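Report on one structure; see the data block that follows.
The values are calculated or read from the model by the stated rules, or taken from the named source; none is laboratory data. Only a predicted model underlies this, so the values are computations on that prediction, with no experimental measurement involved. Here Cβ is always computed from backbone atoms with ideal geometry, including for glycine, and neighbour counts include all displayed protein chains.
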Amino acid sequence: MSVRKPFVGGNWKINTYLETGRALGREVVAGCEGIDDVEVAIFPPIAYVLPMAGVLGKADSKVLLGAQDCYPEPEGAFTGEMSASQVADCQATVVLVGHSERRHVIGEDDALINRKVLAVLAQDALTCMLCIGETLEQREAGQTDVVNESQLRAGLNGVSPTQLDRLIIAYEPVWAIGTGRTATPEDAQNAHARCREVLGELFGPDQAQAIRILYGGSVKPGNARELFGQPDIDGGLIGGASLKGEDFLAIIEAARS
Ligand code: PEP
């Protein structure tokens with residue numbers, strides 16, 4: 001039995017508006033009442049982080065508030081961006097870094113992602129969720145573990161062992177995100193186990209055992225339990241299915257021990 005508390009995050013991307021987001025947030029909060037054995041977070045669009053803080057705060061809920069990204073510089077002339085300290089100031093406590101859409105749609109590279117990881121972890125109030133994963137082409141070329149290893153090593157360069165309790169990894173094969181295709185539990189487990197080995201090489205085996213590694217990529221109520229039942233899968237990062245309260249809550253339930 002794993003000592004790691006499962007974590008389930010809902011990445012809303014640029015879906016929802018103020019009122020639909022508030023309603024969804026309230027539904028998640030109500031459904032999570034009394035759930036202490038899974039950590040849950042929602043990642044609304046950045047414009048709605050602060051309003052969602054109002055929803056979560058009012059209900060005195062344990063559902064964590066997340067941001068989908070932030071910029072590595074603390075302040076200055078970076079139009080359209082938001083710093084890690086501003087994210088924290090809006091009461092978010094978890095930040096996604098290196099999501100596949102940031103890497104492959106927006107074009108972020110490992111060097112920028114590493115700067116973001118360090119900027120997030122420099123804020124004591126923030127946890128960083130570093131997202132990694134291979135494209136279909138890389139998978140078909142047998143490169144899954146090589147890509148994950150290089151994204152982990154580059155993304156975590158300079159992270160101090162004292163910051164590891166605020167680090168979560170999300171393994172999200174790019175070909176599985178939003179496509180309805182999911183890694184088999186066995187393939188996902190193999191990738192997670194190798195990621196944990198790499199974390200062990202970087203930080204030591206005990207530290208690696210404590211870091212949560214989530215799976216993401218078309219997780220649904222029907223496949224979540226089997227995926228989360230794998231020894232090295234500690235929950236999930238959920239996109240599409242997090243937009244429907246009932247589905248998201250069923251996935252959270254599947255992460256419970
Ligand atoms: C994601 O956006 O991180 C994700 C995993 O999306 P989906 O669940 O829709 O594949």
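Return the residues of the range 177-217 that are at pLDDT 95 or above and small (Gly, Ala, Ser); say none if nothing qualifies. Listed by number, the residues that qualify are ALA188, ALA191, ALA193, GLY200, GLY204, ALA208, ALA210, GLY216, GLY217.
If you check THR179, THR144, THR135, THR184 for being among the hydroxyl-bearing types (Ser, Thr, Tyr) and more than 16 Å from the ligand (Cβ to nearest atom), only one passes: THR144. Considering LYS220, LYS244, the condition of being within 10 Å of the ligand (Cβ to nearest atom), at pLDDT 95 or above and over 23 Å from THR127 (Cα atoms) is satisfied by LYS220 alone.
Screening the range 151-168 for residues that are assigned to a loop (DSSP other than H, G, I, E, B) and over 17 Å from the mean Cα position of the chain (by Cα) and picking the one that is farthest from ASP110 (Cα to Cα) gives SER160. Being of a type outside the set (D, E, K, R), more than 20 Å from VAL120 (Cα to Cα) and out of contact with any strand residue (DSSP E or B) (no Cβ under 8 Å at 6 or more places or on another chain) is not true of LEU56.
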